[in-house]
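Take a look at the structure below.
Taken together, the values in this text are just the output of simple stated rules run on the coordinates, not laboratory data. Source: prediction; values computed, not measured. Note: ideal-geometry Cβ built from the backbone for every residue, glycine included; neighbour counts use all protein chains shown.
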Amino acid sequence: MRVLVVEDEARLRSFIVRGLREVGFAVDDCGRGDEALQLATVHPYDAIVLDVMLPGRNGIDVISELRSRKRNTPVLMLSARVEVDDRVRGLDAGADDYLPKPFVFAEMLARLRALLRRGTAQASTLQIADLRIDLVGRRVYSGDTRIELTPKEFALLDYLARHAGEVVTRTMIAEHVWDMNFDSFTNVIDVYIRYLRRKVDDAFDPKLIHTRRGVGYLLGVEP
């Protein structure tokens with residue numbers, strides 16, 4: 001999952017970005033509303049964490065403009081302003097949730113994951129053959145066997161599982177699992193696919209991760 005964090009207070013932004021990356025999110029960040037609008041228009045983010053008080057353009061203006069452009073990316077709005085009227089303005093502008101500052105990171109993360117599940121109409125568990133992915137607990141099982149994955153491996157498997165049965169290209173994977181600093185000329189995606197195959201496929205049947213040469217990858221049971 002790829003997230004944009006928009007917060008002008010550098011220490012708080014760094015704290016949020018670091019925390020999200022530690023649990024496997026690909027994260028881009030900025031501190032200005034006008035820059036946020038440009039990034040959110042260009043990149044296919046799965047969610048946006050957006051502060052209200054920003055230089056350039058405030059968060060209300062940013063989300064209003066995104067919604068007017070038919071961008072339906074889930075938005076979690078942050079603000080030190082806790083009055084009911086302020087929350088109502090944010091939600092009316094198009095925010096999906098509103099979290100007052102100061103906040104505990106665990107709550108922010110839980111709200112963000114809830115938005116992602118809601119935005120993709122997914123349950124808390126994905127099942128492909130014997131492979132079971134617990135999106136809340138971030139645990140993976142093949143039958144009764146627990147499969148240990150790194151945060152990035154989990155993020156890649158999560159994305160493949162949300163598109164089970166579909167061929168996803170390397171570009172699609174890069175856009176959702178890595179951030180804007182990803183070097184498209186490397187073979188990092190292929191390397192992580194090999195990591196996943198060793199853990200998900202090598203010791204189990206049926207094999208679930210398939211290559212479509214020259215196109216991309218598919219997660220599912222081959223007929």
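Near Leu126: Cβ cut-off under 13 Å, other residues only, Lys/Arg at +1 and Asp/Glu at -1. The net charge is +2.
Counted residue by residue at 0.36 nm each, then reduced by the alpha carbon distance between them, the extension gain from Arg67 to Asp8 reaches 19.1 nm.
What translational D, rounded to a whole number of µm²/s, comes out for segment 148-223 from Stokes-Einstein when the hydrodynamic radius is the Kirkwood one over Cα pairs, at 37 °C and 0.692 mPa s?
Details: Rh = 12.7 Å.
Rounded, D is 259 µm²/s.
Note on the chain: along the principal axes its Cα atoms extend 55, 36, 31 Å, ordered by decreasing extent. The amide H of Asp29, built 1.01 Å from its N in the peptide plane, has Val5 as neighbours under 5 Å, considering only residues 5 or more places off or on other chains. Taking 0.36 nm per residue of sequence separation and removing the Cα-Cα distance, the Arg146/Val221 pair yields an extension gain of 25.0 nm. Of the chymotrypsin sites (Phe, Trp or Tyr not before Pro) found in segment 115-223, the ones in coil according to DSSP and having at most 11 other Cβ atoms within 10 Å of their Cβ are Phe185.
Taking 7 Å steps out from each Cα toward its Cβ at Asp130 and Lys207 produces label points 1.6 nm apart. Amide H contacts under 5 Å for Tyr98: Met77, restricted to partners 5 or more places along the chain or on a different chain, H placed in the peptide plane at 1.01 Å from N.
The alpha-carbon atoms of segment 60-162, seen along their principal axes, cover 50, 31, 20 angstrom, with the largest extent given first.
Centroid-to-centroid, using Cα positions, segment 179-203 and segment 40-72 are 31 Å apart. Taking each DSSP H run with n ≥ 4 as -39500 (n - 2.57) and averaging over every residue of the chain yields -12000 deg cm²/dmol at 222 nm.
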